[in-house]
Amino acid sequence: MELSKEQIREIIARRVAKELHEGDYVTLGIGLPTETANYIPKEMHVMIQSENGLIGVGAKAKGDNICRTSINAGGIPVTTKKGAVFFDTATSFSMIRGGHVDVTVLGALQVDQEGNIANWMVPGAFVPGMGGAMDLVVGAKKVIVAMEHMAKDQIKILKKCTLPLTAAHEVDLIVTERCILRVTDEGLVLEEINPLFSLEDITSTIEADLIIPDSMQNIAA
Amino acid sequence: MKKIISAADAGKMIPNGSTVMIGGFLHCGSPNKIIDEMITQNIHDLTLIANDTCVPDCDRGKLIVNKRVKKAIVSHIGTNPETGRQFVNGEIEVEFVPMGTLVERIRAGGAGLGGILTPTGIGTVVEQGKQTIEIDGKKYLLEKPLKADFAIVYGTKVDKYGNVYLENSTKNFNTVMATAAKTVIVEAEELVEDCLDANHITIPGIYIDYIVA
């Protein structure tokens, strides 16, 4: 099954949005995780926290609404929602590290069956730095990895990450366009699958040991 | 009353080889006029402490492109490919610090603390060479305070007492950096005639030495 990049991103972002609840404070990573915000039901009150110092991130600012001092962590001018607050980086990371953020959604280069995540560097090739990712993964109550199932032909869901870790044993849920995996004390549980893919399509593209329940749900659309 | 100087005066104050904290998150809330003067006046061999190295043609990014930084202590360089190029080629030293740890290390430096204990970085390369301390069964990293010779920060509105108001997301690292350097210079977007409302001040003037206006 070949899906376009747009289809993949939509499947993932839509599904991640279903993990959010009324009243949640949520920090979204740059890129695909940010798209989750597009699928939060309008009637649901969710406050998005941006690590650069804002709670209540609204839509991307356009035209006359653009204010150069109102940006998100990606440097994009954003509007603010009712009840928004601006604060400094120390306050922002007290929220993040201190366990006040309910959910963080981040991308990953690799994840593994122990809940380890690597998303900040490929030695010698790609060294952007960790930014706020290490604090977010350690501090948020729930850590969701939202990522494409594979990187070209490379397997990303491993027994043990080979790239430098962002944090150890912190991931709770992995959402890809093919499946949903939950990290438990017993191991990695395959909870939902995308019916566009066979079980073989999924298991052959995951290196990690999987716990496969007798009945599995389809990824909720 | 604080001394009001020009951006050029501020630039002249900074010797080569200084450790300099510069406020800003990407292009937001950065003291650009002073950075431009640092480039004009050929200040070099700096140790830069900042959140990021911005983009190549903007703010702190210009110091990188013009090769004025020998070491950067930052959380992120991904938006400035030139920093990445210099790093991979060994032309610049980069110490990567998680953003929350970076800001707390600076806060510790300014607040008279001997360091901070954080769970961030445990089980990663950030832990290497550092002391870990277990408290009530949980492991923490001991991260040491950061201080600088100069902190160069931005202010949306500044009064003659050095009190600073920072609008929206310009607060970022400016607030803590103002506490952690021997000499602190604020670049005022607007210098107000009288004084700011005592209830609407982001950085109290006690931390500020000079105002650039």
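Are there GluC sites (Glu not before Pro) in the range B:56-128 that DSSP puts in a loop and that have at most 14 other Cβ atoms within 10 Å, and which ones? Walk me through the numbers before you get to the answer.
Details: sites: B:Glu82, B:Glu91, B:Glu93, B:Glu95, B:Glu104, B:Glu127; in loops: B:Glu91.
Of the GluC sites (Glu not before Pro), the ones in loops of the range B:56-128 whose Cβ has at most 14 other Cβ atoms within 10 Å are B:Glu91.
Evaluated at q = 0.06, 0.08 Å⁻¹, the base-10 log of the normalised Debye intensity for the protein assembly as shown, with identical point scatterers placed on the Cα atoms, takes the values -0.26, -0.46. Solvent exposure of the range A:1-107 amounts to 48 Å² per residue of accessible area, where only protein heavy atoms count and the probe is 1.4 Å. Computed over chain A, relative contact order equals 18 percent, with contacts defined as Cα pairs under 8 Å that lie 6+ residues apart. From the alpha carbon centroid of the range B:51-76 to that of the range A:179-194 is 42 Å.
The range A:151-170 and the range B:1-17 have their alpha-carbon centroids 48 Å apart. When the Gaussian network model of chain B links Cα atoms closer than 10 Å, the mean-square fluctuations of B:Tyr140, B:Tyr165, B:Tyr154 top out at B:Tyr140. Only protein heavy atoms count here, probed at 1.4 Å, and on that basis chains A and B bury about 2700 Å² of accessible area in total. Of the beta bridges in the protein assembly as shown, as assigned by DSSP with both residues counted there, near 40 percent are antiparallel.
Counting only DSSP beta bridges with both residues in the range B:6-79, what percent are antiparallel, rounded to the nearest 5?
On the way: 1 of 9 bridges.
Among the beta bridges of the range B:6-79, antiparallel pairing accounts for roughly 10 percent.
Where both residues lie in the range A:1-92, what percent of DSSP beta bridges are antiparallel, nearest 5?
Working: 7 of 10 bridges.
The answer is about 70 percent antiparallel.
Under conditions of 25 °C and 0.890 mPa s, the range A:58-111 yields 185 µm² s⁻¹ as its translational diffusion coefficient, taking Rh as the Kirkwood radius over Cα pairs in the Stokes-Einstein equation.
For the range B:70-168, what is the Kirkwood hydrodynamic radius in Å, using each pair of distinct C-alpha atoms?
Details: mean 1/r = 0.0627 Å⁻¹.
Radius from the Kirkwood sum: 15.9 Å.
Normalised by the number of residues in the range A:82-152, the average gap of Cα pairs under 8 Å and 6 or more apart makes the relative contact order 41 percent.
Inter-label distance, B:Leu113 to A:Asn38: 4.0 nm, where each label sits 7 Å from its Cα along the C-beta direction.
Pairs to check: B:Lys2/B:Lys62; A:Lys62/B:Lys33; B:Lys12/B:Lys33; A:Lys18/A:Lys142; A:Lys18/A:Lys141; B:Lys2/B:Lys182. Give those whose C-alpha atoms are more than 18 Å from each other in this structure. Walk me through the numbers on the way to the answer.
Details: B:Lys2/B:Lys62 29 Å; A:Lys62/B:Lys33 27 Å; B:Lys12/B:Lys33 13 Å; A:Lys18/A:Lys142 14 Å; A:Lys18/A:Lys141 16 Å; B:Lys2/B:Lys182 15 Å.
With Cα atoms farther than 18 Å apart: B:Lys2/B:Lys62; A:Lys62/B:Lys33.
Normalised by 2.2 N^0.38 Å, where N is the number of residues, the C-alpha radius of gyration of the range B:7-111 stands at 0.99. On the range B:4-48, 49 percent of the accessible area sits on carbon and sulfur atoms, based on a 1.4 Å probe.
The Rg/Rh ratio for the range A:42-194 is 1.00, where Rg is the radius of gyration of the alpha carbons and Rh is the Kirkwood radius.
The values are calculated or read from the model by the stated rules, or taken from the named source; none is laboratory data. Quantities reported herein were computed from a predicted structural model and do not represent experimental measurements. FYI the Cβ positions are ideal-geometry reconstructions off the backbone, even for glycines, and counts take in every protein chain you see. Side chains included, ligands, DNA and RNA excluded: accessible areas come from the protein's heavy atoms. Shrake-Rupley method; radii C 1.70, N 1.55, O 1.52, S 1.80 Å.
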